[in-house]
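Visitor: I'd like to ask you about the structure that follows.
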Amino acid sequence: MRKATSVLLVTEVLVVLAACAACGSSSTNSAPTSPATPVTSPATPVTVRSIVVAGNNALVAPNQTTQLTATAMLSNSTVQSVTSQAAWDSSNTSIVSVSTSGLLTANGFGSADVHATYQGVSGTLTVNVSRSAEATLLTYDVGPDVPAADLNDIKTGILDAQRFFDAQLGGDISINQKVAITVKVVATGLGNQDPGGGGACCTGLAASGARPFFDVRHPQWISQSIVGVGWTVDTGKQKAAAHEYTHGWAWSLGGLSLQSQPLGDWLNEGIAEFGAYSAMVYAGKTTSGAADAFELFGAIDTGEANRCLSFLEHSSSVGLWPGHIGYVAVKALIARSPYGVMAVRRVNADIGAHMTLDQAFQDAFGVSRQDFYESFPAYIGGLGGPRSCS
């Protein structure tokens with residue numbers, strides 16, 4: 001009995017060991033088990049669903065420009081700016097043309113479609129170029145109680161100046177600058193109360209740039225009604241409007257700002273007076289001789305002609321307005337400049353190009369500022385004014 005039992009136990013142990021060996025072995029002869037490879041589906045490509053073209057599509061004059069943008073609406077519900085990558089074209093380049101970067105330029109009056117194409121998908125913007133209701137292309141902010149006749153004189157005077165600059169002085173304020181300018185007209189009698197306005201009836205600039213201002217109830221504006229030699233009441237007011245617009249023209253060239261007058265008082269105001277009276281002459285409302293005589297009389301009568309030009313560079317600090325003598329001096333400079341009337345444009349542009357006043361003066365007028373200052377009293381004396389200055 002003991003022997004049989006012993007054999008049975010050994011057999012059971014062998015069976016168990018065999019079973020364990022079959023369950024799992026750490027033998028180096030066992031084949032390695034590879035991990036399962038995950039199954040993935042191909043990524044869905046992102047495509048362009050549509051192109052949106054945006055920007056100012058209501059232009060008011062040839063040569064006006066504006067930047068358009070192109071935005072791609074993608075299939076994954078996101079957007080992408082493609083302004084610089086898109087292919088741009090116009091359906092009628094005689095109306096508008098568009099650059100490779102989306103810069104739109106008006107070439108004539110009418111309508112045209114502008115397309116931007118990216119990855120085979122196009123977007124369209126219809127652009128209209130129509131004549132502005134205001135011939136001056138400026139915006140007018142008109143207060144209550146402004147007489148229609150005064151407002152009409154202001155608009156007419158500015159338009160006269162624009163036409164003169166276009167025809168005689170190498171161009172007016174640029175279209176893009178003009179459409180951003182607002183002319184403010186009030187009838188309060190208080191003058192310009194904005195920073196830098198000083199309560200004056202008429203100003204040409206604001207902190208942001210060109211902004212003609214007129215108070216038609218101000219005594220200084222009413223004094224424009226005084227009839228001068230060779231012009232009417234309306235011409236006097238139109239001339240005043242053209243004067244302030246000329247300051248804006250000088251600003252557009254870089255020669256003037258509300259914070260800085262690098263040309264000095266007499267040259268700054270002299271150019272404004274020259275631009276204004278020349279606009280009236282160009283429009284046939286007065287003559288050059290009449291304007292010259294009136295300004296010389298004003299220079300002598302106010303005492304401006306007794307002052308040296310060097311003093312009149314900063315005359316506003318002592319309450320002296322040097323516009324009359326400035327006009328006379330500008331006319332003398334134009335007569336001797338190799339550039340003629342274009343010298344007044346050149347001197348402003350030179351200042352805008354960061355020349356010093358001495359450099360700009362010499363370049364534009366062909367004479368040094370010091371030499372001109374020394375010779376000017378004799379010039380005034382030859383016209384009937386004082387031959388010396390203080």
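Computed from the coordinates by the stated procedures, all read-outs in this text should not be read as laboratory data. This one's a predicted model, so the numbers in the text were calculated from it and none came from an experiment. We place every Cβ from the backbone using ideal geometry, glycine too, and count neighbours over all the protein chains shown.
Visitor: What nm value, rounded to one decimal, do you get for the distance between T302 and N92 when each label is placed 7 Å out toward the C-beta?
Guide: 5.1
Visitor: Among F311, F165, F361, which one shows the highest mean-square fluctuation when the chain is modelled as a Gaussian network with alpha-carbon springs under 10 Å?
Guide: Answer for the Gaussian network model of the chain: F311.
Visitor: Let me check I have the definition right: for the range 48-129, take the eigenvalues of the Cα gyration tensor, multiply each by 5, take square roots. What are those semi-axes in whole Å, largest first?
Guide: Details: eigenvalues 115, 21, 20 Å².
So the equivalent ellipsoid measures 24, 10, 10 Å along its semi-axes.
Visitor: Next question, about the same structure. For the range 139-382, what is the percent of antiparallel DSSP beta bridges, rounded to the nearest 5?
Guide: Numbers: 4 of 11 bridges.
Of all bridge pairs located within the range 139-382, approximately 35 percent are antiparallel.
Visitor: Moving to a separate point now. Springs between alpha-carbon atoms under 10 Å, Gaussian network over the chain: tell me which of V121, V185, V142 tops the mean-square fluctuations.
Guide: Judging by the Gaussian network model, the answer is V121.
Visitor: Could I ask something else about it? What is the gain in length, in nm to one decimal, between A148 and S111 on full extension, counting 0.36 nm per residue of separation less the C-alpha to C-alpha distance?
Guide: Details: separation 37, 0.36 × 37 = 13.32 nm, distance 3.37 nm.
So the chain would gain 10.0 nm between A148 and S111.
Visitor: Return the FRET efficiency for the residue pair S50, A207: r is the Cβ-Cβ distance, R0 is 41 Å, and the value is rounded to the nearest 0.05. Before the final figure, lay out the partial values.
Guide: Details: r = 42 Å, r/R0 = 1.03.
Once the sixth-power term is evaluated, E becomes 0.45.
Visitor: Looking at the chain, which longest stretch skips every one of the trypsin sites (Lys or Arg not before Pro) that is in a DSSP loop with at most 11 other Cβ atoms within 10 Å, leaving the sites themselves out?
Guide: Numbers: sites that count: R131, R387.
The longest such stretch corresponds to 132-386.
Visitor: Take the Cβ-Cβ distance between S99 and N76 as r, set R0 to 41 Å, and report the resulting FRET efficiency rounded to the nearest 0.05.
Guide: Numbers: r = 30 Å, r/R0 = 0.74.
Given R0 = 41 Å and the Cβ-Cβ separation, E is 0.85.
Visitor: In debye to the nearest 20, how big a dipole does the range 139-382 give about its Cα centre with +1 on each Lys and Arg Cβ and -1 on each Asp and Glu Cβ? Before the final figure, lay out each step's value.
Guide: On the way: 15 positive and 24 negative charges, 70 e Å.
Here the range 139-382 has a charge dipole of around 340 debye.
Visitor: Any idea what angle helix 288-302 forms with the longest principal axis of the chain, computed on alpha-carbon atoms, 0 to 90 degrees, nearest 10?
Guide: Between helix and principal axis, roughly 80 degrees.
Visitor: With angles folded into 0 to 90 degrees, how steeply does helix 343-352 sit against the dominant principal axis of the chain? Use alpha carbons for both and round to 10.
Guide: It is inclined by approximately 40 degrees.
Visitor: Rank these for me by crowding, W266, W231, going from fewest to most other beta carbons within 10 Å.
Guide: Working: W266 28, W231 20.
The order, fewest Cβ neighbours first, is W231, W266.
Visitor: Could I ask something else about it? Dipole of the range 260-319 (Lys/Arg Cβ +1, Asp/Glu Cβ -1, origin at the Cα centre): which of A283, I300, S260 lies farthest to the positive side?
Guide: A283
Visitor: Determine the shape class of the range 267-311: with a ≥ b ≥ c the square roots of the Cα gyration tensor eigenvalues, call it rounded for a/c under 1.5, and otherwise prolate if a/b is greater than b/c, oblate otherwise. Write down the numbers at each step before the final one.
Guide: Working: a/c = 3.99, a/b = 1.74, b/c = 2.29.
The shape class here is oblate.
Visitor: Neighbour counts of other C-beta atoms within 10 Å: give me D234, D265, D301 arranged from fewest to most. Write out the running numbers ahead of the final one.
Guide: Details: D234 18, D265 21, D301 10.
Listed from fewest to most nearby Cβ atoms, that is D301, D234, D265.
Visitor: Another question about this same structure. Rounded to whole Å and sorted largest first, list the principal axis extents of the Cα atoms in the chain.
Guide: Reported extents, whole Å, longest axis first: 160, 47, 44.
Visitor: Okay, moving on. Just to confirm the number: angle between the C-alpha axis of helix 233-253 and the first principal axis of the chain, 0 to 90 degrees, nearest 10?
Guide: That helix lies at roughly 40 degrees to the long axis.
Visitor: With springs only between Cα atoms under 10 Å apart, run a GNM on the chain and tell me which of S94, S316, S77 wobbles the most.
Guide: S77
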